[in-house]
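Okay, so here's the structure we're looking at.
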Amino acid sequence: MAEEAEVKPSIPDIFKGKSVFITGGNGFLGKVLLEKLLRSCPGIFKIIVLLNNAYETEVFEKKRKRLLESNVFDRLKKESPTSFCKLHFVAGDVTVCNLGLKNQDLIRVTEDVSFVFHCAASVRFEDKPRTTMMINVVGVDRVAKLCLSIKNLEALVHVSTAYSFCHHAIISEDICLEKLPISVIRDFEHMDDDRIEWICNSYRKNRPSNYQYSKALAETLIVKEYFNQLPIIIVRPGIITAAVREPYPGWIDNYNGPSGFIAMSVKGVLKTLLVKEGVYADWVPVDIVANTLIVAAYSLLTQKESPSNIRIVNCVCPETKRINWYEVVRICLPILNKYPSNTPFLTPGGVVTSSETIHEICKYVLHLLPAAAYDVFTLLCKFKAIGMIGAYRRIHGAMSHLQLYTTRRFYFTSKNLDAMNENMLPADKEVFLIDQEKINWNQYLEDYVHGVRLFYLKESDESLDLARKKLARRQLIFFCLKIIPVGVLFSYILKKFCTPRFVIARLQFINLQFIRKFLKSILPVEHA
């Protein structure tokens, strides 16, 4: 008799009765991943969350309380409040041996854990090279070494970035390696700051920041040292943006990347944006990234193909569904007026240009000039300057880091992501959505703007009517301020050139010209 075909387990099934260890659980992506595992995998036994640099009791409790009070868990608190008893928090540090775990916590991790999600990272482009390399490179080495001691490890999911090898013409899901020797990569903690900075400047190539380079070095370290020892899968998300569905459409809790652009646009602070023609917004909603991490672990256990073919996954928007930056701006402009801020600086809107010269001029005229006027006004009225010029200089610094994504087009392949999606059960495809083909960009961008206002700026919907009235008045004031100089100029021209004799002469000339045209139109034309 033929052997009965084995039934493929669902995603919740593989986590049933298992324990999970998460680093970076109090970060943007980590929170969504944590909430999703608790809500959609009810059979999960335990989730251990590493709180970085929280050895002091007061710091530990503060970080723990801040995480649990996040509105990312509001839905879970209503639907399954008992799920929180599965959470266990431990203090540690990803940059030290055994992650700095206390002995009892280390035993708990090595004895009980089956799945590890490494989400902890330094994502600030302006961080010092030492900080970036210690967290993003040395930290990965520490996590991988710890995983070697975990007795029942089934999957280690490492979060990288789709831009780790952004200097390549096509960013594929193939294994790519940096030339820097492993001995040097592992020696960052013993180097002085100048040496680390020299290495970054010498080997970074044309990557825009050390962040992308550090992720490439981490991938190199994983491939060379751990691929044959551990069940590892690397997930490379694009630009992580607000949630498309879960826990709430538009949920956001930070100002990184496009979220900062939208927040500043809602506030009327951002008035100019440099965008090149044909450049796409490589956005991936945070809940889709979290789902991809979960599905990646699932694929390591259930994918029929050789694991080596699915070890790197580009979590990016498919080519057929990508949206360009000009389309994003076109869709967002009316939405910004629909969801205005309670306390705007200027009115939403501005100049979107592909000219660097115009962009630089606009930064002075639309940013620094109003900021200077505002600072002078507050200094005279309140005897204290708000410091808008300083704020704009910081904003310009952040914009310079992000211009890579608005001025350069990237090409990705995502066959492994497609294979993971095909490997899922139909029911799992709905619960753990990773297919961005189903995204409606118009609806998503409205939810995004609304979510920035609601979740990040903390401005409730009850205040919308009043905010819209304030915006209408402000728009009228700014319209008048634009019209007054035009009116003054027009009045000057009339007084200077339009004397009574000049006006009568012009009217007589116009009438004479009109009479001649009229006669030509009614009289027959004589032919020679």
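The values are calculated or read from the model by the stated rules, or taken from the named source; none is laboratory data. Nothing here was measured: the structure is a model prediction, and the numbers come from that model. All Cβ positions, glycine included, derive from the backbone under ideal geometry; neighbour counts span all protein chains shown. SASA here: full protein model, heavy atoms, side chains in, ligands and nucleic acids out. Shrake-Rupley method; radii C 1.70, N 1.55, O 1.52, S 1.80 Å.
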Requested in this report: Check TYR374 against each of (1) touching a helix residue (DSSP H, G or I) at 6+ places or on another chain (Cβ under 6 Å); (2) in a loop (DSSP other than H, G, I, E, B); (3) open to solvent by 60 Å² or more (accessible area, probe 1.4 Å) and name the one condition it does not meet.
Outcome: (2)
Report task. Being of a type outside the set (Gly, Ala, Ser) and in a loop (DSSP other than H, G, I, E, B) is the filter; apply it to region 52-62 and report the residue that is least open to solvent (accessible area, probe 1.4 Å). Result -> ASN53
**Report entry** The lone exception for SER214 - which of (1) without any contact (Cβ under 8 Å) to a residue 60 or more places away in the chain; (2) open to solvent by less than 70 Å² (accessible area, probe 1.4 Å) it fails
**Finding:** (1)
Report task. Specify which of the listed residues (ILE171, ILE175) is touching a residue at least 40 places away in the same chain (Cβ under 8 Å), farther than 26 Å from GLY100 by Cβ, surrounded by fewer than 22 Cβ atoms within 10 Å (Cβ to Cβ) and in contact with a strand residue (DSSP E or B) (Cβ under 8 Å, 6 or more places away or on another chain). Result -> ILE175
Query - Restricting region 9-51 to residues that are among the basic types (Lys, Arg) and in contact with a helix residue (DSSP H, G or I) (Cβ under 8 Å, 6 or more places away or on another chain), the residue that is surrounded by the most Cβ atoms within 10 Å (Cβ to Cβ) - result: LYS31
Report summary line: The residue that is nearest to ASP93 (Cα to Cα), considering only those in region 1-40 that are without any contact (Cβ under 8 Å) to a residue 40 or more places away in the chain and in a loop (DSSP other than H, G, I, E, B), is GLY17
Requested in this report: Scan region 245-304 for residues that are open to solvent by 10 Å² or more (accessible area, probe 1.4 Å), on the phi > 0 side of the Ramachandran plot and within 18 Å of the chain's Cα centre (by Cα) and report the count.
Outcome: 1
**Report entry** Selection status of SER202, within 30 Å of GLY257 (Cβ to Cβ), free of Cβ contacts under 8 Å to residues at least 24 places away in the same chain and among the hydroxyl-bearing types (Ser, Thr, Tyr)
**Finding:** yes
Query - Which numbered condition SER114 misses (of (1) farther than 21 Å from ASP192 by Cα; (2) part of a helix (DSSP H, G or I)) - result: (2)
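Among the residues of region 138-157 satisfying the criterion of being part of a loop (DSSP other than H, G, I, E, B) and aliphatic (A, V, I, L, M), which is nearest to VAL116 (Cα to Cα)?
In this case the residue turns out to be LEU153.
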Requested in this report: Please determine, by comparing only the residues of region 349-371 that are at pLDDT below 85 and not in a helix (DSSP H, G or I), which one is least open to solvent (accessible area, probe 1.4 Å).
Outcome: GLY349
Query - Failed criterion for LEU336 (all others in (1) open to solvent by less than 30 Å² (accessible area, probe 1.4 Å); (2) farther than 30 Å from ARG236 by Cβ; (3) at pLDDT below 85; (4) in a helix (DSSP H, G or I) hold) - result: (3)
**Report entry** In region 87-125, residue farthest from GLY43 (Cα to Cα) [restricted to those that are touching a residue at least 40 places away in the same chain (Cβ under 8 Å) and of a type in the set (Lys, Arg)]
**Finding:** ARG124
Requested in this report: For residues that are basic (Lys, Arg) and in contact (Cβ under 8 Å) with a residue 12 or more places away in the chain, scanning just region 75-86, find the one that is surrounded by the most Cβ atoms within 10 Å (Cβ to Cβ).
Outcome: LYS86
Requested in this report: Go through region 106-149 and give me each residue that's of a type in the set (Asp, Glu) and open to solvent by 20 Å² or more (accessible area, probe 1.4 Å).
Outcome: GLU111, ASP112, GLU126, ASP127
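Conditions (1) within 23 Å of TYR255 (Cα to Cα); (2) open to solvent by less than 30 Å² (accessible area, probe 1.4 Å); (3) modelled with pLDDT of 85 or more; (4) more than 30 Å from the chain's Cα centre (by Cα), marked per residue:
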| position | (1), (2), (3), (4) |
| --- | --- |
| TYR444 | yes, yes, yes, no |
| VAL449 | yes, yes, yes, no |
| LYS458 | yes, no, yes, no |
| ILE477 | no, no, no, yes |
| LYS482 | no, no, no, yes |
| VAL488 | no, no, no, yes |
| SER491 | no, no, no, yes |
